[in-house]
Amino acid sequence: MGSVTIEIDGRQVTVEEGLNVIQAAQFLDIQIPHFCYHEGLGVDGNCRMCLVEVEGMPKLQPACNLFVKEGLKVRTRTPQVMEHRRLVLECLFLNHPIDCSICDQSGECYLQDYYLDHGNYRSRYDLPKRLKRKRVDAGPHVILDAERCVLCARCVRFCDNITKTGELRIVNRGDRSEITLFPGKKLDNPYSLNTVQICPVGALTSKDFRFSWRVWFLKSAHSICTGCSRGCNIIIDHADNHAYRYQARCNPQVNGYWLCDDGRLSYKMINDHRLHVLTEPSGNSRDTFPRFEEALSGIGRQIEGASSVTALMSPDLSNEDLYAASRFAKEIAGSQRMAAGSLKPDGVEDELLRKADAHPNTSGCKTLNLWGDLKPAIDAGGDLLLVFGSDLLQYDNALLKKIRSSFKSIIIFASHEMKGFETGAWLIPIACHAEMDGSFTNFEGRVQKFDAAIRRRGDTLPLWRILGKIGRAMQREWGWSDLAGLRRDLTDEFPQWKEALIEATPSNKTGVPLKMTGTKEAGEE
Amino acid sequence: MERKIISKNFGVEDSWTLPVYEANGGYAAMRKAFGMDPQAVLEEVKASKIRGRGGAGFPMGLKWSFVPRDIDKPKYLCVNADEGEPGTFKDRHILENDPHMMIEGIIICCWAVGIRKAFIYIRGEFHKQCDRLDSAVREAYEKGYLGRNINSDGFDLDIVVHRGAGAYICGEETGLIESVEGKRGQPRMKPPFPALIGVFDCPTVVNNVETLAALPWILQNGAAAYAAIGTEKSSGTKLWSISGHVERPGVYELDMGVPLRVLLEEHAGGVRNGKKLKAVIPGGSSTPVLTAEEAYTVNLDYESLEKAGSMLGSGAMIIIDEETCMVWVLTILEKFYAHESCGQCPPCREGTAWMHRLLCKIERGEGTLEDLDKLEDIANNIGGKTICVLSDAAAMPAQSFIKKFRHEFEEHIKTGHCRFRDNKWTAALEGVH
């Protein structure tokens, strides 16, 4: 692919061939408003919002369908263009209910944004509005409000071209047009919530997120979905130390623009069934226990006194936690048997995103040479069992019983409540991925960093930190004072991760939109 | 001047059957074409200067030459028989009276361009015409003019008759293509043009029934003979549909460039009941209206009508007499466009409906002068901003009606009633479903 130089609003930019003007303009920080165009769905051209002036063409041209070629000269903010944008907005608002105050899209609505940029007129429409269907139960996760719809057909194209399930259609003509479902069908595919994310207005809303929080109060952090081994790039939207939703974050190499519904709704595990306080084997928690540090000393003594130690690790832990846990098991606990593995049954796999392996970091375990079969380690029994991660022992009651009988004492580092271990084991709360910085390695070996979104609650700390504390409680010079130090040691041992963990851009830069490359050149304003 | 090229068999008994068509020299041009190199046929069509009769008037030969010669995809012809422009009924006459002439034209076109499959997209409401077309296609197959090896040199051609389901927009070439593919009939964005990416993403020629029906004559009599008819830039004859307040409405075949006055008065018998002419819509409902004065001085060819501020379009005159309310006429027209807008592009989807609602308000006697300004403003702004030209088609009548008959709109607004008709029909004008 060659590159071409074009001129937008008097400024020159050199971009890759094959881009359209909307994409090219982004390199100059020029936003061309649009509804129907979406990088993941391609050009449709129906919304007419992106029309721009092109030198040598009498009519305004849609920027989405205008592909860069050498010498192309485009103007995006001429009076003619601005007047046209105002017209399109006026048309879109004619039959729009303008119910922003009760609309979940408020604050992230293209109509609102564009109205402020290009509209700002008084309505000239004094006739009755056309009424359409509202609060339509479109599917298990989605509600449709046909009156708010701008008929950009993004959702229709998503279901046609991405999931290839084709549940949605536009029916009727003219201003009677509306989005609807095929008779007897529901918007019930494993990716249905993407339609909500790509809907530029409030026509499709998520049943889960509906009426739960105003988007302008949400803060965002870049993270990685933990639902399966794909490692989809996400944004965690949170407020008041509570996660409210995941949104897909574009990463063309991993998940494109999409996220599956199961993954999207897995944000709930950040909030629910969390282990917040340190619990001793008697079942006493922090309430009756004098001090956290004292408990750690107790744990340290337990480890020192153990004659044989087995360590089990979960592929839900981050690369950093896994590394710290394995070093701890070897160097501090002197563990004889060590394995990372999973007893969780496989999930559903499809061609789009979902992977059968339901753990985000199986590849990480493998690279760190920790992957193994858990059962022989458990069968062998011993004095002390160290469990790193909360999901290891949750799937098999018989196994659970066996563990209790074959090990004298058990120490579990868990982010979530441990069923069956309410008593008889040390439960030490650890942070989950939303509460700390870290990284996962996805199924294809791609190491992806994630950022802390929300504050840690109760006694929770990242696993690598709490292990350091235990080490220090045992009077050992062990552990790291910061994540950078841990990553340095980790990459010294596993240099293949050096680039991803040390040299790469921070995680909030990984999801760069598309394959765009471009260079800005100074031009006259 | 009256000259029967396409309509020569109209009125002949059983003119739609193969034996009658052949008895009158039918399918000779096809044989002649098979004896020529396809490129030579294309050059002949180019030299005839025939322009598309569907409305846009695009030179036919040029359109064919955009289709890539060597490509490893199949090429298609879509015959646009979805005649839906209000006032236009010329293709209906061809399909009804002489479908074989069009089929022969299709064969010539496909030979010239190298097409092996043609779709005839026929308007759903054309029941009788579709029956005759179906039987004509069957006859042609039986006679070996269609199917395998029709020129005994390995040339195959199949025709599929595809019935529309009642959408004006499917007469727009890309809307037609979508509909042929079995999709919702709504236009596609251009580029890419159908000549490169059309039906099933393959190169496609879209031609009107009348244009194709002229081909046998052109091949038989030579391009020069055809180019000599009509005017310099508008060659040949044209089927003119004339309707409205006229003594003898119908289809007349006259040379291009004939004065509108000749058509109206000499052929169609003048305005009905001896009334005076008020206005003429010259090329189908979407073309700008002409006042009586303009109509009496204009010639019927592409250039003259363009100079007069209108368009030849599909060559369908709608004659409006002095006792007709122009507000009412425009309301009917805009109801049509609001009804037929496919709903893709906001300016057209909302604009046509808004114009219709404003007109109903004025027609009810509740309009204001501001409404009239709004109407004009919408009409001035929606055209040229959408995927297809339906917004232009809706805007042009509104612009021209208001410009040329503003006094009637203002009178409606000021007096609150109509001097030509009582308001009892107004309710029927409202409500687009």
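The values are calculated or read from the model by the stated rules, or taken from the named source; none is laboratory data. Bear in mind that the values here come from a model prediction, so they are computed numbers and not experimental data. Glycine also receives a Cβ, built like all others from the backbone with ideal geometry; neighbour counts cover every protein chain displayed. Just the protein is used for accessible areas: all its heavy atoms, side chains included, with ligands, DNA and RNA removed. Shrake-Rupley method; radii C 1.70, N 1.55, O 1.52, S 1.80 Å.
How many lysine pairs in region A:367-484, separated by 8 or more positions in sequence or lying on different chains, have Cα atoms less than 30 Å apart?
Summing the qualifying lysine pairs gives 11.
How are the alpha carbon pair distances in chain B distributed across 20 Å bins from zero to the largest one, expressed in percent?
For chain B, the binned pair fractions read 26, 56, 17, 1 percent.
Can you list the equivalent-ellipsoid semi-axes of region B:3-149, largest first and in whole Å, using the square root of 5 times each Cα gyration tensor eigenvalue?
Here the semi-axes work out to 24, 19, 16 Å.
Just to be sure I understand the curve: with the Debye formula and one point per C-alpha of region B:317-367, what is log10 I(q)/I(0) at q = 0.21, 0.26, 0.30 Å⁻¹?
Taken in order of the listed q values, log10 I(q)/I(0) reads -0.75, -0.93, -1.05.
Relative contact order of chain B: what whole-number percent is it, with Cα pairs under 8 angstrom and at least 6 residues apart?
16 percent
With the Cα gyration tensor of region A:130-213 in hand, convert its eigenvalues to equivalent ellipsoid semi-axes via √(5λ) and list them largest first in whole Å.
With the √(5λ) rule applied to region A:130-213, the semi-axes are 17, 16, 11 Å.
Give the whole-number value, in cubic angstrom per residue, of the convex hull volume spanned by the C-alpha atoms of chain A.
Here the figure is 171 Å³ per residue.
So which trypsin sites (Lys or Arg not before Pro) in region B:34-137 pass both tests, a DSSP loop state and at most 16 other Cβ atoms within 10 Å of the Cβ?
Those satisfying the criteria are B:R69, B:R116.
Helix B:326-340: angle to the longest alpha-carbon principal axis of chain B, degrees 0 to 90, nearest 10?
The angle comes out at about 50 degrees.
Could you compute Rg(Cα) / (2.2 N^0.38 Å) for region B:198-251, with N its residue count?
So region B:198-251 has a normalised radius of gyration of 1.56.
Rounded to the nearest 5, what % of DSSP beta bridges with both residues in region A:250-397 are antiparallel?
Percentage antiparallel, nearest 5: 15.
Residues of region A:299-337 with amide nitrogen under 19 Å from the 7 Å Cα-to-Cβ point of A:R291?
Within reach of a label on A:R291: A:299-302.
How fast does region B:90-215 diffuse by Stokes-Einstein, in µm²/s, taking the Kirkwood radius from C-alpha pairs at 10 °C and 1.306 mPa s?
Roughly 106 µm²/s, to the nearest whole number.
Please tell me the relative contact order of chain A in percent, rounded to the nearest whole number, where contacts are Cα pairs under 8 Å and at least six residues apart.
14 percent
Work out, in µm²/s and without decimals, the Stokes-Einstein translational diffusion coefficient of region A:305-364 at 37 °C, 0.692 mPa s, Rh from Kirkwood over C-alpha pairs.
Answer from the Stokes-Einstein relation: 253 µm²/s.
Straight-line reach from A:K164: which aspartates and glutamates have Cα under 13 Å away, leaving out those fewer than 8 places along the same chain?
List returned: A:D188, A:D350, A:E351.
Expressed as an acute angle from 0 to 90° and rounded to the nearest 10, what is the orientation of the C-alpha long axis of helix B:406-415 relative to the principal long axis of chain B?
That works out to roughly 40 degrees.
Which of B:M101, B:M60, B:M36 ends up with the largest GNM mean-square fluctuation for chain B, with Cα atoms connected below 10 Å?
With Cα springs under 10 Å in chain B, the top fluctuation among B:M101, B:M60, B:M36 is at B:M36.
Each label point is 7 Å from the Cα along the Cα-to-Cβ direction; what then is the distance between the points at B:E232 and B:R248, in nm?
Result: 3.4 nm between the two label points.
Please list the radius of gyration and Dmax for region A:426-470, considering alpha-carbon atoms only, with Å as the unit.
12.1, 35
Antiparallel as a % of all DSSP beta bridges within the protein assembly as shown, to the nearest 5?
The answer is about 60 percent antiparallel.
If you keep only loop residues by DSSP, which trypsin sites (Lys or Arg not before Pro) in region A:81-132 have at most 11 other Cβ atoms within 10 Å of their Cβ?
Hits after loop and neighbour filter: A:R122.
Any idea what the dipole of the protein assembly as shown comes to, in debye rounded to 20, about its Cα centre with Lys/Arg Cβ at +1 and Asp/Glu Cβ at -1?
1300 debye
Taking R0 as 51 Å, what's the FRET efficiency between B:E370 and A:W213 from their Cβ-Cβ distance, rounded to 0.05?
Between B:E370 and A:W213 the formula returns 0.75.
Ratio of region A:189-243's C-alpha Rg to 2.2 N^0.38 Å, to two decimals?
Working it through for region A:189-243, the quotient is 1.23.
Return the sequence-ordered ³J(HN,Hα) values of region B:76-84 in whole Hz as given by the Karplus equation 6.51 cos²θ - 1.76 cosθ + 1.60 applied to θ = phi - 60°, using x for Gly and Pro.
After applying 6.51 cos²θ - 1.76 cosθ + 1.60, I find 10, 10, 10, 8, 8, 10, 9, 5, x Hz.
Which value, in debye to the nearest 20, describes the size of the charge dipole of chain A about its Cα centre when Lys and Arg Cβ atoms bear +1, Asp and Glu Cβ atoms bear -1, and nothing else is charged?
Computed about the Cα centre, the dipole is about 1100 debye.
Dividing the convex hull volume of the Cα atoms of the protein assembly as shown by its residue count, what figure in Å³ per residue is obtained?
Normalising the Cα hull of the protein assembly as shown by residue number yields 204 Å³.
Need one number: nm distance between label points at B:A427 and B:V20, each 7 Å from Cα along Cα→Cβ, rounded to one decimal.
According to this spin-label approximation, the distance is 4.6 nm.
So what is log10(I(q)/I(0)) for region B:279-433 at q = 0.14, 0.15, 0.16 1/Å, when the Debye sum runs over its Cα atoms only?
Taking Cα atoms of region B:279-433 as identical point scatterers yields -0.65, -0.75, -0.85.
Quote the accessible area belonging to A:H276 in square angstrom, nearest 10, computed with a 1.4 Å probe and with ligands, DNA and RNA left uncounted.
Surface accessible to solvent at A:H276 totals approximately 70 Å².
Just going by the charge dipole of region B:328-384, with Lys and Arg at +1 and Asp and Glu at -1 on Cβ, which of B:N381, B:A353, B:H339 is farthest out on the positive end?
B:H339
Shielding by partners for B:379-385, please: the mean number of other protein chain Cβ atoms within 10 Å of each residue's Cβ.
4
In a solvent-free Debye calculation with one equal scatterer on each Cα, what is log10 I(q)/I(0) for region A:140-282 at q = 0.11, 0.19 Å⁻¹, listed in the order of the q values?
One equal scatterer on each Cα of region A:140-282 leads to -0.47, -1.17.
Label-point separation (nm) for A:D126 and B:N149, each offset 7 Å from Cα along Cα-to-Cβ?
Here the modelled spin labels are 7.6 nm apart.
At most 12 other Cβ atoms within 10 Å and a DSSP loop assignment: could you name the chymotrypsin sites (Phe, Trp or Tyr not before Pro) in region A:337-418 that fit?
A:Y395
Residue-wise, which Karplus ³J(HN,Hα) couplings in Hz belong to region A:299-311, taking 6.51 cos²θ - 1.76 cosθ + 1.60, θ = phi - 60°, and x for glycine or proline?
5, x, 5, 4, 5, 5, x, 6, 8, 10, 10, 10, 10
For region B:1-76, what is the convex hull (Cα atoms) projected area averaged across all directions, in square nanometres?
With the hull built on Cα positions only, its mean projection is 7.4 nm².
Viscosity 1.002 mPa s, temperature 20 °C: give me the Stokes-Einstein translational D for region A:332-381 in µm²/s, with Rh taken as the Kirkwood radius over C-alpha pairs.
So the translational diffusion coefficient is about 169 µm²/s.
How much of B:E366 can a 1.4 Å solvent probe reach, expressed as accessible area in Å² and rounded to 10?
100 Å²
Defining a contact as two alpha carbons under 8 Å apart and six or more residues distant in sequence, what relative contact order in percent does region A:52-139 show?
Taking the mean separation of contacting Cα pairs over the length of region A:52-139, I get 25 percent.
What number, rounded to the nearest 500 deg cm²/dmol, is the helix-based mean residue ellipticity at 222 nm of the protein assembly as shown, given -39500 (n - 2.57) per DSSP H run of at least four residues and division by all its residues?
-8500 deg cm²/dmol
So the label point goes 7 Å from the Cα of B:D158 along Cα→C-beta, right? Which residues of region B:132-148 then have their backbone N under 13 Å from it?
B:147-148
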